[in-house]
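Just below is one structure, and these are the notes that go with it.
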Amino acid sequence: DSCPQQLAGPNLGSELIAHGLSFTGYSESMPAAGFTGCDDGTADQLYARKHNPWVDFADVPVASNQPFTSFPADFSQLPTVAFVVPNQLHDMHSGSVAEADTWLRQNVGGYAQWALTHNSLLIVTWDEDDGSDANHIPTLFVGAHVQVGEYAETINHYDVLRTIESQEGVSFTNEAAHATTIADVWQG
């Protein structure tokens, strides 16, 4: 959570770009495109750079760091891989589950519906649990090629990263190289 970070080494954004693919991260309440501050400077500090890791890598272009207001209304204009990070009110850090659910439905619901009929995939995951020993963090896959169902296997963020990298045909970065590709959620 320390800020700022200056990170080097392989990462999803740079791997995608090196393979001629595109990457953009969209962060709600980020003051401006390419912003590198640690927070939005408001009393509420709704934007937090700690939830925006691509800005910490020098080899990810500044243009890949966008406020959520730049998220395209025409979903066919999305980059190959996009991350959407709600602010701390809408990601359940400071707000309620109901507020986060409403935000997700209003801001990503249209894309979720679109992904069902296009060659696209929405992954929704949380960054932490409630602190209990069970450590259950939901991860949802929504897309045209996803087999609807509940899957009880244990996965982690490295498995999700490896799955994205596998889908896009780029090198497995860091700990994702030792993770497991999520393979049982696809149709056919």
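Pull up region 137-169, narrow it to residues that are more than 17 Å from the chain's Cα centre (by Cα) and surrounded by 11 or more Cβ atoms within 10 Å (Cβ to Cβ), then point me to the one that is farthest from Q77 (Cα to Cα). Reasoning before the result, please.
From region 137-169, those more than 17 Å from the chain's Cα centre (by Cα) are 144-154, 169; that's our starting set.
Those left that are additionally surrounded by 11 or more Cβ atoms within 10 Å (Cβ to Cβ): 144-147, 151.
Working: A144: 18, H145: 20, V146: 22, Q147: 25, Y151: 31 Å.
In this case the residue turns out to be Y151.
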Matching option when the condition is surrounded by 12 or more Cβ atoms within 10 Å (Cβ to Cβ), in contact with a strand residue (DSSP E or B) (Cβ under 7 Å, 6 or more places away or on another chain) and assigned to a helix (DSSP H, G or I), among V124, V108: V108
Residue in region 12-31 that is touching a residue at least 60 places away in the same chain (Cβ under 8 Å), among the acidic types (D, E) and surrounded by 18 or more Cβ atoms within 10 Å (Cβ to Cβ) present: yes
Flag if W103 is assigned to a helix (DSSP H, G or I), surrounded by 13 or more Cβ atoms within 10 Å (Cβ to Cβ), out of contact with any Phe, Trp or Tyr (no Cβ under 9 Å at 6 or more places or on another chain) and touching a residue at least 12 places away in the same chain (Cβ under 8 Å): yes
Residue count, region 145-188 (criterion: assigned to a loop (DSSP other than H, G, I, E, B) and either more than 26 Å from D133 (Cα to Cα) or not aromatic (F, W, Y) (or both)): 24
Residue in region 88-99 that is touching a Leu at 6+ places or on another chain (Cβ under 8 Å) and part of a helix (DSSP H, G or I) present: yes
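Quickly run through region 6-53 and pick out the residues that are assigned to a loop (DSSP other than H, G, I, E, B), of a type in the set (V, I, T) and within 19 Å of the chain's Cα centre (by Cα). Steps first, answer last, please.
Taking region 6-53 and keeping what is assigned to a loop (DSSP other than H, G, I, E, B), we get 6, 8-11, 19-22, 28-38, 40-47, 52.
Of the ones still in play, those that are also of a type in the set (V, I, T) are 36, 42.
Hit for region 6-53 is T36, nothing else.
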Residues located in region 69-92, provided they are free of Cβ contacts under 8 Å to residues at least 12 places away in the same chain and surrounded by 13 or more Cβ atoms within 10 Å (Cβ to Cβ): P72
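Readers should treat all values here as calculations from the given coordinates under stated rules, not as data from a laboratory. The shown structure was predicted, so the numbers you read here are calculated from the model rather than taken from an experiment. Please note: Cβ atoms are built from the backbone with ideal geometry, for glycine as well, and neighbour counts cover all protein chains shown.
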